[in-house]
Every structure is written in C-alpha cells, then in structure tokens.
1. Can you tell me which condition Lys164 does not meet? The list is (1) closer than 28 Å to Val31 by Cα; (2) at pLDDT below 80; (3) surrounded by 12 or more Cβ atoms within 10 Å (Cβ to Cβ), and all the others hold.
2. Out of the residues in the stretch 116-133 meeting the condition of being in contact with a helix residue (DSSP H, G or I) (Cβ under 7 Å, 6 or more places away or on another chain) and either of a type in the set (Gly, Ala, Ser) or not in a helix (DSSP H, G or I) (or both), tell me which one is nearest to Leu64 (Cα to Cα).
3. Tell me yes or no: at least one residue of the stretch 41-50 is of a type in the set (Val, Ile, Thr), over 14 Å from Gln106 (Cβ atoms) and either outside any helix (DSSP H, G or I) or out of contact with any strand residue (DSSP E or B) (no Cβ under 6 Å at 6 or more places or on another chain) (or both).
4. If the Cβ limit is 9 Å and pairs must be 6+ apart or interchain, which residue in the stretch 14-39 that is under 18 Å from Pro91 (Cα atoms) pairs with which residue that is of a type in the set (Lys, Arg) and loosely packed, with under 13 Cβ neighbours inside 10 Å?
5. Give the stretch 35-50 a look and list any residue that's under 21 Å from the mean Cα position of the chain (by Cα) and not hydrophobic (A, V, I, L, M, F, W, C), or say none.
6. With Val150, Val170 as the choices, which residue is surrounded by 14 or more Cβ atoms within 10 Å (Cβ to Cβ) and either aliphatic (A, V, I, L, M) or at pLDDT 90 or above (or both)?
7. Given the condition outside any loop (DSSP other than H, G, I, E, B), of a type in the set (Ser, Thr, Tyr) and under 17 Å from the mean Cα position of the chain (by Cα), answer yes or no: does some residue in the stretch 101-115 qualify?
8. Restricting to the stretch 116-138, and then to whatever is among the hydrophobic types (A, V, I, L, M, F, W, C) and buried (at least 18 other Cβ atoms within 10 Å of the Cβ), can you tell me which residue is nearest to the chain's Cα centre (by Cα)?
Amino acid sequence: MSDAIHLASLDRHDRRRMLRKALIRSAATVVILLIAYFALPMDHVSDAGAIVVLTGGAVGVVALCAWQVRQIIRSPTPEVRSAEALAVTLPVYLLGSATTIFLLSQMDTGSFNEALTRIDALYFTLTVFATVGFGDIAAVTQPARAVVTVMIVGNLVMLAVGVKLLTQAVKWGRALKDTREAGGDEMSPPASR
C-alpha cells in the first residue's frame, strides 16, 4: 500500500464505514466460532483425537496472534486493526479453552464435580478467565486441575502479554506509517522503549 491513511484524517462518513466494517468482521468471526463450538461433533472424540485437537488449537491461537500483530503493523489504521484483533483473538482463546475443558470432561467424566455440557464448559472457562470462580463447577482430578492451572496461567499471559503486544504493535504500525509518509523505506519494527 502506497499511502497510509490516518483515522483522524478521514471524514466522518469514511471513519464510520471503516469502524462498521471492522465491527461486522469481528462479530461475524465470533458468530462463526460460536456456531462451530456448539455444532462440531466433539462428544465422542477419542483421547488421541482430543490431544490432536487441543495441540492444533494451541498452535492455531499462537499463529493467529502472530498474524494479527503483523496485520496491525502493516495496517494504515493500526488502532482500528488492533481493536479488531482483540475482538477476534480473545473469543478464539476463550472458545479454545472451553473446548479443552469440554473434551477433558468427555474423556474422563469424573474430571469435574459434575458432567459438563458445552454451555457448562464455556461458563466455567469464562468464570475462570474473569477470576470470578463461583465454585459451582470445580476440577476434581489431578489432570483436570493441571489443565485448569495451565488455563489460569494462559489467562494471565493473554491479559498481560497479549494486551502489551497489541499496544506495541500499534506503536510499531504508527512508526512505520510515519516513516512511509516521510518518504523513507520500509523498515522493521522499531525497538520498544
């Protein structure tokens, strides 16, 4: 892209159109993910299949985060792209965690103090992520407690590192845009200060 647009320099109509497109893309992605979460047949996945799904999901979340950072840096409006990235990455992470909890419950029905449905798994994931932890659903077995512990650490990393990475990517994108506008060549992201 030759000339980077700056969000503030757009007229009100173009700015609203750009924001509306970002909101629609994010909402559509979340709706598709929710449909997949509730519709995909996960009730009778073998233990090996569950491990493959979970490993693939973890790799997918990391790849999505890396791709989102790259998109933010290259975007003409890194602020909008960063908000869109957060609106997509967070639900992907949460639904991936809910899938993990659901599959764990399916592999060993005694993992939690009650058998979990997909809604239960999503509810449990959200209460853990929000650090509410009502206690109505609890991990009982050692493997379940290990998975929930990893999930809690992942939540902290997602909140701390993820937010920092997105804000840093906005700064890198702005610096790249400023360099382009000044007539400089493309450069790699500057070191953070």
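The values are calculated or read from the model by the stated rules, or taken from the named source; none is laboratory data. Remember, it's a predicted structure, so these values are computed and weren't measured experimentally. Here the Cβ positions follow ideal geometry from the backbone for every residue, glycine too, while neighbour counts run over all protein chains shown.
1. (3)
2. Restricting to residues being in contact with a helix residue (DSSP H, G or I) (Cβ under 7 Å, 6 or more places away or on another chain) and either of a type in the set (Gly, Ala, Ser) or not in a helix (DSSP H, G or I) (or both), the top hit is Ala121.
3. No: the stretch 41-50 contains no residue that is of a type in the set (Val, Ile, Thr), over 14 Å from Gln106 (Cβ atoms) and either outside any helix (DSSP H, G or I) or out of contact with any strand residue (DSSP E or B) (no Cβ under 6 Å at 6 or more places or on another chain) (or both).
4. none
5. Once the filter is applied, which keeps residues that are under 21 Å from the mean Cα position of the chain (by Cα) and not hydrophobic (A, V, I, L, M, F, W, C), the stretch 35-50 yields only Tyr37.
6. None of the others qualify; the one that does is Val170.
7. no
8. For the stretch 116-138, the residue satisfying everything is Phe129.
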